[in-house]
Amino acid sequence: MDVHRQTCQNCGSRALHNILVREPGHRTVVFVGCTACEKLVARYGLETYYHHGKGLESYLRSIQGSVESGRRVLSEFEATQQEAVDGYDRVVKALRAQGKEP
């Protein structure tokens with residue numbers, strides 16, 4: 001596993017913020033900006049989006065238009081929720097093993 005803590009390529013800061021853009025018919029886009037120098041750091045396109053602590057509603061927003069079955073969606077949400085928690089724990093452990101702060 002390759003774990004990387006994102007930093008600004010312009011000034012080296014780790015003080016970053018995310019801006020989520022949701023448009024009907026398009027995948028969610030995340031723009032990562034630096035709060036120190038205000039430059040663009042990265043842009044990511046997301047197929048699905050899970051915001052921990054926001055519940056099923058945030059997940060439903062990311063899959064709008066592709067809902068076939070409520071039970072299937074709930075099952076996929078629960079799996080996504082667990083994968084997110086497990087993945088985050090794994091990434092934090094990997095960073096610590098490399099002597100880096102999460």
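The values are calculated or read from the model by the stated rules, or taken from the named source; none is laboratory data. These numbers were taken from a predicted model, which means no experiment stands behind them. Ideal geometry is used to build each Cβ from the backbone, glycine not excepted, and the neighbour counts take in all protein chains shown.
Sub-6 Å Cβ pairs linking a first residue in segment 38-50 that is in contact (Cβ under 8 Å) with a residue 24 or more places away in the chain to a second residue that is of a type in the set (Ser, Thr, Tyr), at least 6 apart or interchain, are Thr48/Ser62; Tyr49/Thr28; Tyr49/Ser62; Tyr50/Tyr59; Tyr50/Thr80, ordered by first then second residue. Every condition in (1) surrounded by 13 or more Cβ atoms within 10 Å (Cβ to Cβ); (2) at pLDDT 80 or above; (3) among the aromatic types (Phe, Trp, Tyr) holds for Tyr44 except the one numbered (1).
Scanning segment 1-41 for residues that are charged (D, E, K, R), in contact with a helix residue (DSSP H, G or I) (Cβ under 8 Å, 6 or more places away or on another chain) and exposed (fewer than 13 other Cβ atoms within 10 Å of the Cβ) turns up just one, Arg5. So for segment 86-98 (the condition being under 16 Å from Arg5 (Cβ atoms), assigned by TED's automatic domain parsing to the domain that holds Gln6, aliphatic (A, V, I, L, M) and more than 15 Å from the chain's Cα centre (by Cα)), does at least one residue qualify? No, segment 86-98 contains no residue that is under 16 Å from Arg5 (Cβ atoms), assigned by TED's automatic domain parsing to the domain that holds Gln6, aliphatic (A, V, I, L, M) and more than 15 Å from the chain's Cα centre (by Cα).
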